[in-house]
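The values are calculated or read from the model by the stated rules, or taken from the named source; none is laboratory data. Bear in mind the structure is a predicted one, so any value in this text is a computation, not a measurement. Here the Cβ positions follow ideal geometry from the backbone for every residue, glycine too, while neighbour counts run over all protein chains shown. Ligands, DNA and RNA are excluded from the accessible area calculation, which covers all protein heavy atoms including side chains. Shrake-Rupley method; radii C 1.70, N 1.55, O 1.52, S 1.80 Å.
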Amino acid sequence: MTEQTWAPLVRTTTPTLTKILRSRAFLRSRERSVTIVESSEELRALADLVDTLDQANGPLAPVADRVAAAVRFLRDRANRLDDAAASTHNSPDVTEPKNGDAPSAGVATRERLLVASLHYLVTPDDLVPDFRAGGYIDDVLLLAWVFGVATNELTRYVADEPGCSGTAS
């Protein structure tokens, strides 16, 4: 994967992106992301909701591969949470995670940002309501920016070839 693969597909002025990031809808999504990112059930539910959207056609087409990668990220994170819970359950003497298990503050922030942007995508009442003409423009602008910020977190989930499901190893 080359660096250009992740180059922003949509250029926007800072004030437009700032309006989206400061909108009530995105602030709600950011608040929800704190609990979603720690719950395997909520991560899977969010992934299922995103999967119901037509990503390949229409307004989401420019970011469809990255949306699919983000869904794979959500499912992998949910599986890792389940594995960690099972490990803790099987070894009750373990009370603290190993240092290598906890993500850095920057990684954790970018993961929450990914979750918040996907939550914003499936929330119909956002800055530009999705049912209106051009209603997904704010979602696409936000997703394009977040996918650029979270490149490192998503790279391993991007399919190299069309029809490939990507890898989560």
Review point. Once label points are set 7 Å from the Cα along Cα→Cβ at both Val149 and Arg28, what is their separation, rounded to one decimal in nm?
Key: 2.0 nm
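Between Ser104 and Ala159, what FRET efficiency follows from the Cβ-Cβ distance if R0 is 22 Å, with the result rounded to 0.05?
0.25
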Practice item. Please give the solvent-accessible surface of Leu49 in Å², to the nearest 10, using a probe radius of 1.4 Å with every protein chain present. Key: 90 Å²
Point to revise | Cβ-based net charge around Phe26, under 13 Å, with every Lys or Arg adding one and every Asp or Glu removing one | key: +2
